[in-house]
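Undergrad: Below you'll find the structure I mean.
The values are calculated or read from the model by the stated rules, or taken from the named source; none is laboratory data. Predicted, not measured: the structure shown is a model, and the values here were computed from it. Neighbour counts run over all protein chains shown; Cβ positions are idealised from the backbone, glycine included. Just the protein is used for accessible areas: all its heavy atoms, side chains included, with ligands, DNA and RNA removed. Shrake-Rupley method; radii C 1.70, N 1.55, O 1.52, S 1.80 Å.
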Amino acid sequence: MTTFQPLTFSQIETITSMMQDFYAIDNYPIDIDVSKKLFQEFIADEKLGKAYLICHSTEKSTAEVVGYLILTYVFSFEYQGRIAFLDELYIKESSRGKGIGKQALDFIKEQASLTNVKLIYLELENHNESAQKLYLANNFEIHNRKLLKLKL
């Protein structure tokens with residue numbers, strides 16, 4: 001059984017530990033102290049979005065944290081209201097291939113509906129074919145626009 005627990009202040013250490021593992025996959029830099037401060041701000045202001053720990057148990061095991069997801073919110077005139085960015089979805093390697101990713105996407109869609117989100121964006125690395133297959137199988141579409149960035 002998979003459940004999704006809203007992140008609390010006391011769980012910041014847990015999520016930042018997993019973030020290190022997630023970022024290491026593509027050698028992304030991470031400053032844990034900065035991430036912890038950002039979570040303090042993020043949790044305190046629900047207008048910014050929501051973070052959840054993904055917990056999974058079987059008939060033979062108790063629930064354990066196997067991943068996390070972060071949805072951030074943006075207001076869009078083009079899409080007539082609030083849109084979300086699936087900023088991060090991470091599932092520990094030992095828990096992949098068990099349907100947890102699909103359950104996480106179903107949960108995200110449900111939460112988006114409850115919060116009147118009009119659209120969900122996400123980005124993924126080109127080499128992550130398994131994630132792309134998961135998203136495409138769950139009605140995400142390849143966007144015909146390019147995502148650009150300006151680092152300030």
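Undergrad: Identify the residue in region 24-54 that is under 14 Å from the mean Cα position of the chain (by Cα) and among the small types (Gly, Ala, Ser) and, among all such residues, is nearest to Thr115 (Cα to Cα).
TA: Among residues in region 24-54 that are under 14 Å from the mean Cα position of the chain (by Cα) and among the small types (Gly, Ala, Ser), the one nearest to Thr115 (Cα to Cα) is Gly49.
Undergrad: Which pairs turn up if I take residues in region 122-142 that are touching a residue at least 60 places away in the same chain (Cβ under 8 Å) and look for partners that are part of a loop (DSSP other than H, G, I, E, B) and loosely packed, with under 10 Cβ neighbours inside 10 Å with beta carbon separation below 7 Å, at least 6 apart in sequence or on another chain?
TA: Glu125/Asp26
Undergrad: Now for a different question. Identify the single condition in (1) among the β-branched types (Val, Ile, Thr); (2) outside any helix (DSSP H, G or I); (3) open to solvent by less than 20 Å² (accessible area, probe 1.4 Å) that Ile108 does not satisfy, given that it satisfies every other one.
TA: Here Ile108 meets the rest and fails (2).
One line per residue, one yes/no per condition, for (1) at pLDDT below 90; (2) within 22 Å of Gln11 (Cβ to Cβ):
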position	(1), (2)
Lys60	yes, no
Leu69	no, yes
Phe85	no, yes
Ile120	no, no
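Undergrad: What is the residue count in region 18-32 for residues that are farther than 21 Å from Lys98 by Cβ, in a helix (DSSP H, G or I), open to solvent by 40 Å² or more (accessible area, probe 1.4 Å) and in contact with a helix residue (DSSP H, G or I) (Cβ under 9 Å, 6 or more places away or on another chain)?
TA: Summing the residues that are farther than 21 Å from Lys98 by Cβ, in a helix (DSSP H, G or I), open to solvent by 40 Å² or more (accessible area, probe 1.4 Å) and in contact with a helix residue (DSSP H, G or I) (Cβ under 9 Å, 6 or more places away or on another chain) in region 18-32 gives 1.
Undergrad: Another question about this same structure. In region 83-105, what residues are touching a Leu at 6+ places or on another chain (Cβ under 9 Å), of a type outside the set (A, V, I, L, M, F, W, C) and open to solvent by 20 Å² or more (accessible area, probe 1.4 Å)?
TA: Answer for region 83-105, where residues must be touching a Leu at 6+ places or on another chain (Cβ under 9 Å), of a type outside the set (A, V, I, L, M, F, W, C) and open to solvent by 20 Å² or more (accessible area, probe 1.4 Å): Asp87, Lys102.
Undergrad: Taking Tyr52 as the residue in question, decide whether it is touching a helix residue (DSSP H, G or I) at 6+ places or on another chain (Cβ under 9 Å), at pLDDT 95 or above, of a type in the set (Phe, Trp, Tyr) and open to solvent by less than 100 Å² (accessible area, probe 1.4 Å).
TA: Yes, satisfied.
Undergrad: Return the residues of region 7-42 that are farther than 19 Å from Ser95 by Cα, free of Cβ contacts under 8 Å to residues at least 60 places away in the same chain and in contact with a Lys or Arg (Cβ under 9 Å, 6 or more places away or on another chain); say none if nothing qualifies.
TA: Correct list: Ile12, Glu13, Phe42.
Undergrad: I would also like to ask the following. Quickly run through region 56-78 and pick out the residues that are open to solvent by 30 Å² or more (accessible area, probe 1.4 Å) and either aliphatic (A, V, I, L, M) or more than 17 Å from the chain's Cα centre (by Cα) (or both).
TA: If the condition is that a residue be open to solvent by 30 Å² or more (accessible area, probe 1.4 Å) and either aliphatic (A, V, I, L, M) or more than 17 Å from the chain's Cα centre (by Cα) (or both), then Thr58, Glu59, Lys60, Ser61, Thr62, Ala63, Glu64, Val65, Val74, Phe75, Phe77, Glu78 are the ones that fit.
Undergrad: Given the structure, is Ala44 surrounded by fewer than 17 Cβ atoms within 10 Å (Cβ to Cβ) and among the aliphatic types (A, V, I, L, M)?
TA: Answer is yes for this residue.
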